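Here is the structure we will look at, set down as structure tokens.
The values are calculated or read from the model by the stated rules, or taken from the named source; none is laboratory data. Just so it is clear, the structure is predicted and the values come from calculations on it, not from any experiment. With ideal geometry, Cβ positions are generated from the backbone for all residues, glycine too; neighbour counts draw on all protein chains shown.
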Amino acid sequence: MSESRPCGVIKESYEKDMAFFEKPFHYFAIGILTAILLLVPYMLPEFYVNILMLIAIFGIAIMGLNLLTNAYLFSVMHAALMGVGAFTTAFISQQVPFYIAIPISGIMAALVSVFFGLPSLRIKVFYLLFSTTAAQFIIEWILNWLTRDIPGSAVYTSPIAIANHQFTMPEKYYLYLTITAILAYLIAHINRTPLGKAMVMMAEKDYAAQVQGVNLLKFKTLAFAISGFYAGVAGSLWSYLLGLVTPEHFPFLMSWELLGVGVIVGGLGSYVWGSILGSIMIIVVTQLTTIIVSALAPHLPWLGASAFGLRALMYGVIIALILILEPRGLASLLRKVKRYFDLWPFSY
Amino acid sequence: MKTILEVKDVYLYFGGVTALNGVNLKLKEGEILALVGPNGSGKTSLLNCICGFYKPQKGRIIYKDRDITKLPPHARAEIGIGRVFQTPYIFHGSVIDNIMVGYVTKQKNPFKLMRMKSAVEAREMAERLIEFVELEMYRKSEALGLPMGIRKRIELARVLMWNPDVLLLDEPTSGLSIDEKRDMARYILELNEVHEKSILLVEHDLSLVHDIAERVIVMDAGVEIAEGSPQEVVKNPEVIKAYLGE
Ligand SMILES: Nc1ncnc2c1ncn2[C@@H]1O[C@H](COP(=O)(O)OP(=O)(O)O)[C@@H](O)[C@H]1O
Ligand SMILES: [Mg+2]
């Protein structure tokens, strides 16, 4: 049938041809990964479970941003969009259950994302960085204004519960895993539909795409809506994890972290695995700097103040290394591993 | 025969350059109309005005008795105009991916577009068109790396995804080998005869025009200088002058 497919993979229908996992080995790998993730709460202290939940949260936000960036729409307002989701959840978590609060937070962030994304119809890529910078600060300002009467601007979020049953630790973690898996499936699915292909064409040749029927208004709006929704859900989960939110949780630099490390280091265009790897990178670096700084602080008192600088420095080194060694991000390392096993035992 | 597409007194300027200087043209339903003329005579500009890529400063475009002059390009595609470019616009992805994009013009509801059913249907249509343009060998190859002849077929297949009534083909055979030209001519004829497409064909190769077009319009410097059957047109002294210069 085809020329460039690795040998040993035969498909009988288009549906099967479009499946995410092609070989028993892929199912095996996913099965092992799932089993490990499910067992983590019983094997490791809660600290690590929290880390995994943070990875899930950032992973979700990065998935949406990855799709947007892959459509050549650059956003540095995604931290603020997470903030929109987080505050929506904080404000309504007393009145509505989590399974309503989470999607509503996603929709709110999607609307805000579309609103600030609309200028992208008129302006070019480079200027979009500035308009979304403005959006980030406007949203931060609005969040501060909304919480002006609250001490420390900190809004508390009611815990996740069904009826009177409050979710405890492994349950909460499993809920986060499930939501992440669903959203990961959906974004990978979009990529294989004509809508996903149209977004790639729009990114590369927007003028030609329009002539061949791609409605730029519709598809740019969709890209901003989808990616805003993901950021909003991520923010909502953040809100439920921490139990409180303040506008300071979602600074401008976090937007750059999501784009520069999350998407670029993770792997642009690799919506699921690239985004997860990008998220892992962010969380690992954040944790490492905290550990390094607290270990060295007693000996080097001036270091405490430069923790953030240390993090930025590490990011700088990582981004530079990735761009030199693996320009398509960590995800392409993963692809190499996959290809190796696809052809195994004839992997030469 | 009924007129399906009409260009009425269209003027197009780029700064001081006049690309179209009052062009009139009628494409009849089911015909192959060839548009010929020297380089820079405005053929591509005219197709661009019809598909909405350029906005003429003056004049109107009528499609199926409807004034579409103000319609954006994607809306013109949706009502049945299919434009194939002189240099095909191919994006990163497989040949199938490139062709599947055309489905979004057919299915406008974005939520339906996201469903697996759409993906499968788009895929089935793309596979059928891949057979039509004989690209079975390449279906999963990275499209950007393929030679011009293949890329032109990919773009043709992509446009056919939404089954347009009018095809605007801009030099579909330029840069092709003799064999590839013959194949392309065969597709054009089949689209016209079997699938009843009305075709506006910009073509440099006069022998090909002679073989497949029913009517020819000759342009020079943004105006029409001759019209008629292929046999008549090549004998027209104005045409000889425009082509050979003085
Ligand atoms: N985008 C553009 N900007 C400026 N001038 C253009 C543009 N497109 C076409 N022209 C000019 O319009 C004239 C007609 O060009 P074109 O329509 O490409 O001719 P043809 O397709 O017959 O070779 C040429 O003089 C060309 O330089
Ligand atoms: Mg031309």
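Rundown of residues vs (1) on the phi > 0 side of the Ramachandran plot; (2) crowded, with 20+ Cβ neighbours inside 10 Å; (3) modelled with pLDDT of 90 or more, yes/no style:
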residue: A:Glu204; (1), (2), (3): no, no, no
residue: A:Gly213; (1), (2), (3): yes, yes, no
residue: A:Phe219; (1), (2), (3): no, yes, yes
residue: A:Ser227; (1), (2), (3): no, yes, yes
residue: A:Ala231; (1), (2), (3): no, yes, yes
residue: A:Val261; (1), (2), (3): no, yes, yes
residue: A:Ser275; (1), (2), (3): no, yes, yes
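Within the range B:46-62, being surrounded by fewer than 22 Cβ atoms within 10 Å (Cβ to Cβ), away from chain A (no Cβ under 14 Å) and on the phi < 0 side of the Ramachandran plot holds for B:Gln57, B:Lys58, B:Arg60, B:Ile62. Figure legend. Inter-residue proximity from the range B:186-204: first residues within 14 Å of chain A (Cβ to nearest Cβ), second residues within 16 Å of ligand 2 (Cβ to nearest atom), beta-carbon distance below 6 Å, spacing 6+ or different chains. No pairs are indicated. Scanning the range B:105-149 for residues that are within 7 Å of chain A (Cβ to nearest Cβ), small (Gly, Ala, Ser) and closer than 17 Å to B:Met161 by Cα yields a total of 3. Within this structure, B:Leu206 fails the test of being within 16 Å of ligand 1 (Cβ to nearest atom) and under 25 Å from B:Arg128 (Cα atoms).
In the range B:80-90 there is at least one residue that is within 16 Å of ligand 2 (Cβ to nearest atom), free of Cβ contacts under 8 Å to residues at least 24 places away in the same chain and of a type outside the set (Asp, Glu). In the list B:Tyr13, B:Tyr89, which residue meets the criterion of being surrounded by fewer than 23 Cβ atoms within 10 Å (Cβ to Cβ), among the aromatic types (Phe, Trp, Tyr) and closer than 19 Å to B:Leu169 by Cα? Unique residue meeting the criteria: B:Tyr89. The residues listed here are B:Ala122, B:Ala143, B:Ala75, B:Ala157; of these, the one that is out of contact with any helix residue (DSSP H, G or I) (no Cβ under 9 Å at 6 or more places or on another chain) and surrounded by 16 or more Cβ atoms within 10 Å (Cβ to Cβ) is B:Ala75. Criterion applied to B:Gly42, B:Gly102, B:Gly80 was being within 14 Å of chain A (Cβ to nearest Cβ) and touching a Leu at 6+ places or on another chain (Cβ under 8 Å), and the one residue passing it is B:Gly102. Of the residues B:Leu20, B:Leu5, the single one that is within 28 Å of B:Leu206 (Cα to Cα) and away from ligand 1 (no atom under 12 Å from the Cβ) is B:Leu5. Scanning the range A:200-248 for residues being of a type in the set (Phe, Trp, Tyr) and more than 20 Å from A:Leu52 (Cβ to Cβ) gives a total of 4.
This table checks each residue for (1) crowded, with 16+ Cβ neighbours inside 10 Å; (2) of a type outside the set (A, V, I, L, M); (3) modelled with pLDDT of 90 or more.
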site: B:Glu134; (1), (2), (3): no, yes, yes
site: B:Arg153; (1), (2), (3): yes, yes, yes
site: B:Pro172; (1), (2), (3): yes, yes, yes
site: B:Glu180; (1), (2), (3): yes, yes, yes
site: B:Leu201; (1), (2), (3): yes, no, yes
site: B:Leu208; (1), (2), (3): yes, no, no
site: B:Val218; (1), (2), (3): yes, no, yes
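Residues that are within 13 Å of ligand 2 (Cβ to nearest atom) and either small (Gly, Ala, Ser) or free of Cβ contacts under 8 Å to residues at least 60 places away in the same chain (or both) within the range B:1-48 comprise B:Ala19, B:Gly37, B:Asn39, B:Gly40, B:Ser41, B:Gly42, B:Ser45, B:Asn48, listed in sequence order. Considered as a group, the residues in the range A:157-193 that are away from chain B (no Cβ under 14 Å) and in a loop (DSSP other than H, G, I, E, B) include one that is surrounded by the most Cβ atoms within 10 Å (Cβ to Cβ), and that residue is A:Thr157. Looking across the range B:161-181 at every residue that is within 14 Å of another protein chain (Cβ to nearest Cβ) and in contact with a Leu (Cβ under 7 Å, 6 or more places away or on another chain), the one that is nearest to ligand 1 (Cβ to nearest atom) is identified as B:Asp170.
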